[in-house]
Amino acid sequence: MTHKPVFLRARANADIDEALDFYLVEAPEEVEALLESLRDTVERIGRSPGVGSPRYSHELDMPGLRHISTPRFPYLVFYFDTDQRVEVIRVLHQRRDLPDELDAE
């Protein structure tokens, strides 16, 4: 399978910034590990875009939406696999109201 470039939409970048801000205050010793976990997850979906679950695609009627969890941290990366690239639309904490957050997309 061919590796695809991964594009993070502005909202996904804002989600990552929000997560990092939280960890900088609450657990600064974990910031580097969180960044590594997010980086690894993004690289994984670039290598294997079909790896994520389509669960919310069906629930929210968003064809093609997939998500995958980050190792060690309670975040989900939501993305679409397009012909040319993978587009990450959100990076959300698992305890958020995911359907509500994603419905705005």
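Read-outs: derived from the displayed coordinates by stated rules, not from any lab. Note that the structure is predicted; figures quoted are calculated from it, not measured. Don't worry about glycine lacking a Cβ; one is built from the backbone with ideal geometry, like all the others, and counts go over all protein chains shown.
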Inset, instruction - Kindly put 47, 11 in sequence by how many other C-beta atoms sit within 10 Å of each C-beta, fewest to most. - result: 47, 11
Legend entry - Length released on extending from residue 58 to residue 85, taking residue separation times 0.36 nm less the Cα-Cα span: 7.6 nm
Legend entry - Cα shape, region 6-58, gyration tensor, a/c 1.5 rule: prolate
Legend entry - Dipole magnitude (debye, nearest 20) for region 2-105, charges at Cβ of Lys, Arg, Asp, Glu: 500
Legend entry - Likely footprinting exposure, 87, 30, fewest C-beta neighbours within 10 Å first: 30, 87
Inset, instruction - Towards the positive end of the charge dipole of region 2-43, with charges on Cβ (+1 Lys, Arg; -1 Asp, Glu), say which of 38, 19, 6 has the farthest Cα. - result: 6
Inset, instruction - Write down the Å³ per residue value for the convex hull defined by the alpha carbon atoms of the chain. - result: 94
Inset, instruction - Pop out the ³J(HN,Hα) list for region 47-60 in order, Karplus 6.51 cos²θ - 1.76 cosθ + 1.60 with θ = phi - 60°, rounded to Hz; leave Gly and Pro as x. - result: 6, 9, x, x, 5, x, 7, x, 3, 6, 4, 6, 4, 9
Legend entry - Computed over region 15-105: relative contact order in percent, which uses C-alpha pairs under 8 Å that are six or more apart: 21
Legend entry - Residues 58, 93, 67 arranged by fewest to most Cβ contacts within 10 Å: 58, 93, 67
